[in-house]
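Have a look at the structure below, then the notes.
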Amino acid sequence: MSDAPVVEHPRKRVLGALGQAGIETTRTVGSAYGVFVRTLYYLVRGRHEPGAIARQMYEIGNRSLVFVSLVMGFVGVILVYQGGVQTQRVLPDLSQLGATFLELLVRDLAPSLAALMLATRVGAGIAAELGSMAVTEQLDALRLSAADPVDYLVKPRFVASIVMLFVLTIVSGTVAYACGLVGARVFFDLSPRSFVDSSLVDPVDLGSGLVKCLAYGAAIPILSAHAGLSAKGGSDAVGAATTRAVVHSSLAVIALDFAISFGAHALFGGYSR
Amino acid sequence: MSDAESGARDEARSASEAPLRLAGRLALLLAAIGRAVAEGELDRRMFVKSLYETGVRSLPIVVLTALFTGGIMVVQAAPIVERYGAHGLLGWGAGFGTLREIGPLLTALMISGRVGANNTAELGTMVVTEQLDALRALAIDPVGFLIAPRFLAIVTTLLLATLFADALALVGAAYVGAALLGVDPAVFYTGLTSGLLGFGDVAHGLVKSVVFGVVIALSSCHYGLATTGGAPGVGRSVNAAVVVSAAGVFLCDFFVSFLIA
Amino acid sequence: MISFREVSKRFGTRTVLDRVTFDVPRGAISFVIGASGAGKSVLIKHVTGFVRPDAGEIWLDDLEVSRLGERELASVRKRCALVFQHATLFDSQSCLENVALPLEKHGRGRTGAEIRARARALLARVHMEPFADRYPSELGEGMKKRVAIARALALDPEYVLFDEPTTGLDPVNARRVDRLIQTLSREGGVTSLVVSHDLTSIFGIADRIVMLYKGRVRLIGTPDDFRQSDDPVVRQFVRGEAEGPMDA
Ligand SMILES: Nc1ncnc2c1ncn2[C@@H]1O[C@H](COP(=O)(O)OP(=O)(O)O)[C@@H](O)[C@H]1O
Ligand SMILES: [Mg+2]
């Protein structure tokens, strides 16, 4: 190794990294939007292939169900514990703990955490699979036979992901709530009867939870497929595509979470009590 | 198509590799790293280089994640705080969740996706192109030269990133609180510092971030080193690494929360 | 001297080496030849401990290499360099840095300037000095291979194992590599074990040739022995004929 400058001036690199990230984000959103539009087009005009969708539902849903439910179970216990300990610092009793936890689960935690895990588990999988096909020229073979990879490969994953995220959210949210209930009993001696309380869940909470499911379920397969389809080059290309898929879909989940939560509160905040 | 599908099956098999055996492998890797460091085999220059690269790579994503996290925490804390009419508690409400749980967790997940995945891809590529064997052929210990520097760089970066993300998230939360609820940022900061939250809450999060860093660094190095089967193999390794990292982070969050409570 | 004694190796159900026995005498240039997939790369990787035999022993002078652990192998690898079949340069480092790395890690040179000067001299031996500051991704396969040879020579090894050093090189550079191998053993006393199916190299510089066929040693001898052999497999190989008893 020579002492020739291997790296540019640090300040330039840091600012450059931020600027680069901004440009890259804009460009990615732009071309991923193209994939999204084509997916919607093929939903209406494309081939009908219930078999492929079912297979993807199995891949995306059943494979993730245990993973996501397990993690959400642990998360349920931790959140009840941390929330309870903190609430005890300001409030005399924990009678609202269960109701508040349910409200938070419905409007945010269940869809968002399930989606973050789906972004990792499924986003990486989609990108690795499509990326491998891209670098081994299987995609070009598809195109040569006049089949758009978006129709054949992206559309089934798109539909499956939206459907399965709803299922995952409901199942893993239920697991989290059940585990939280056990946690509340063990740590704070709260009876299940006082913990199970849906009085704080209103239509706005339900609505924003559902909108989040839909938005995440659509964003994850599109961004991941986009990362995989645009893989070019050798053995590092598939790895890079997989990395991009995880990062882009996780960031999308967090950004959409903020946007939808903010929007719901700004529009219907007065209604929600 | 059938290639890719059997690939996905292999990936699932390696990701669901018997958890105990995986834990054993990770422990052995950790021991090897510890031994390399203890015996002075750590290549300092590679460490500085890795640290710099992980840092630069993480910065944009940590900034974005932190700002969104702050915003989300305020929006979620808002109804609870409004219910009790206690705007002075908004800083506390958004603060404890951020410091103890969401800050360390989201920062770890994002760095796992960005840096951990990248590390697996780089190591995996080096393995399938025999660059790792080339190091051994030159009598250079790959653990001291490549693995230990990357491991330490990831752990250090995650710790610093969490500290930075905590601060940034709370600043973001203060301004979202002002925009959404009309709570003056000064009131927000008072809520943060009024004594309900202390250094313990920050430390709680930082201890977790070190544990998360170890989990992410170990699994990303392990899957990189275990790569076989060319370019698709690298993709499968990255996939397995991020899944195991995420599961490991959540599991450790559970145990560490109670251990240091 | 490198000795293979009854070395056998299987991958799964496929027997790649079957009781292979031969010696590589000091100072000479020995060739291992055989069809692609015959197990030549697997064979020489046994010498530096990258592959472990299922049965048999490999000796390097008075060390039984096949018994050594990874740490003890480090000292073997300093004495016995391996040039991989595919150039395995580190992507993130320039050619000069690639060659300087072993010098640095093993303290061959007191100052950075001294190390760089040595690395440049090594690159000059393979005619790659003008490309010292290029990165591997900017070079063709043949150029990378020459840099990999320079890197392998960095620690002044007594033994050098070359895995197909001329494959992928143009004829001019292939002969330059041949001459380099010759110079190393004639003037530097280096023992070379070369895996090859480049007939020009084989009959140009080999002192001894070992032919592997179906996992077994088919013939050991001088180039003349090979030219005069009436074994149909050997004849087909050394004449490069399409028709004959060898499997496709
Ligand atoms: N690590 C390995 N695992 C399984 N099979 C291997 C491995 N390394 C080599 N082989 C197989 O051993 C045989 C000989 O390979 P090799 O020594 O590379 O042949 P060559 O004579 O062309 O150098 C090939 O069939 C190859 O597929
Ligand atoms: Mg070979």
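Okay, here's what the table says:
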read-out	value
Span from the segment C:198-248 Cα centroid across to the segment C:106-129 one, whole angstrom	38
Proximal aspartates and glutamates to C:Lys214, defined as alpha-carbon separation beneath 14 angstrom and excluding residues fewer than eight positions away on the same chain	C:Asp18, C:Asp247
Percentage of interatomic Cα-Cα distances in chain C larger than 34 Å	16
D_trans [Stokes-Einstein, Kirkwood Rh over alpha-carbon pairs] for segment C:161-248, 37 °C, 0.692 mPa s, µm² s⁻¹	235
Pairwise label distance in nanometres, C:Arg227 with A:Lys232, each label 7 Å out on the Cα-Cβ vector	5.3
Percent of C-alpha pairs per 20 Å bin, the protein assembly as shown, short to long	15, 41, 29, 12, 2, 0
Segment A:205-245 residues near the modelled A:Ala21 label - backbone nitrogen below 18 Å, point 7 Å along Cα→Cβ	A:243-245
Pairwise centroid distance, computed over Cα atoms, of segment A:202-270 with segment A:39-92, Å	13
Computed over chain A, Cα set: Rg, Dmax in Å	21.8, 70
Cβ-defined net charge surrounding B:Arg150, 11 Å radius [Lys, Arg +1; Asp, Glu -1]	-2
Hits among lysines - C-alpha to C-alpha of C:Lys78 under 20 Å, sequence gap 8 or more where chains match	C:Lys45, C:Lys105, C:Lys145
Calculated [θ] (222 nm, deg cm²/dmol) that DSSP helices of n ≥ 4 give over chain A, each run adding -39,500 (n - 2.57)	-26000 deg cm²/dmol
Estimated distance in nm for a label pair at C:Thr111 and A:Val37, the labels positioned 7 Å out from Cα along Cα-to-Cβ	6.3
Relative contact order computed over segment B:26-260 (Cα-Cα under 8 Å; 6+ residues apart), in percent	34
Aspartates and glutamates whose Cα lies under 14 Å from that of A:Lys212, excluding same-chain neighbours fewer than 8 positions away	A:Asp108, A:Asp257
Around C:Ala132: net Lys/Arg minus Asp/Glu count, Cβ-Cβ under 13 Å	+3
Directionally averaged projected area (convex hull, Cα atoms, segment C:41-90), nm²	3.9
Trypsin sites (Lys or Arg not before Pro) within segment C:157-245, DSSP loop, no more than 15 other Cβ atoms inside 10 Å	C:Lys214
Packing-based exposure ordering (other Cβ within 10 Å, fewest first) of C:Tyr159, A:Tyr152	A:Tyr152, C:Tyr159
Sum of -39500 (n - 2.57) over DSSP H runs of 4+, divided by residues of chain B (222 nm, nearest 500)	-27500 deg cm²/dmol
Spread of Cα-to-Cα distances over 10 Å intervals beginning at zero, given as percent, for segment A:43-144	12, 28, 26, 16, 11, 6, 1
Label point distance in nm, B:Tyr84-A:Ser145, each placed 7 Å from Cα along Cα→Cβ	6.3
Least to most buried among B:Ser237, B:Ser194 (fewest other Cβ within 10 Å first)	B:Ser194, B:Ser237
Highest-MSF residue in chain B out of B:Val187, B:Val215, B:Val62 [GNM, Cα springs under 10 Å]	B:Val187
Principal-axis tilt of helix B:19-38 within chain B, Cα atoms, nearest 10 degrees	80
Cβ-based net charge around C:Trp59, under 15 Å, with every Lys or Arg adding one and every Asp or Glu removing one	-3
For C:Ile44, A:Ile220, order by how many other beta-carbon atoms lie within 10 Å, fewest first	C:Ile44, A:Ile220
Choice from B:Val210, B:Val81, B:Val155 showing the highest fluctuation, given a GNM over chain B with Cα pairs closer than 10 Å	B:Val81
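Every number in this text was worked out from the coordinates using simple rules, so none of it is lab data. Worth saying up front: this structure is predicted, and the values here are computed from it rather than measured. No Cβ is skipped: glycine too gets one built from the backbone with ideal geometry, and neighbour counts run over all protein chains shown.
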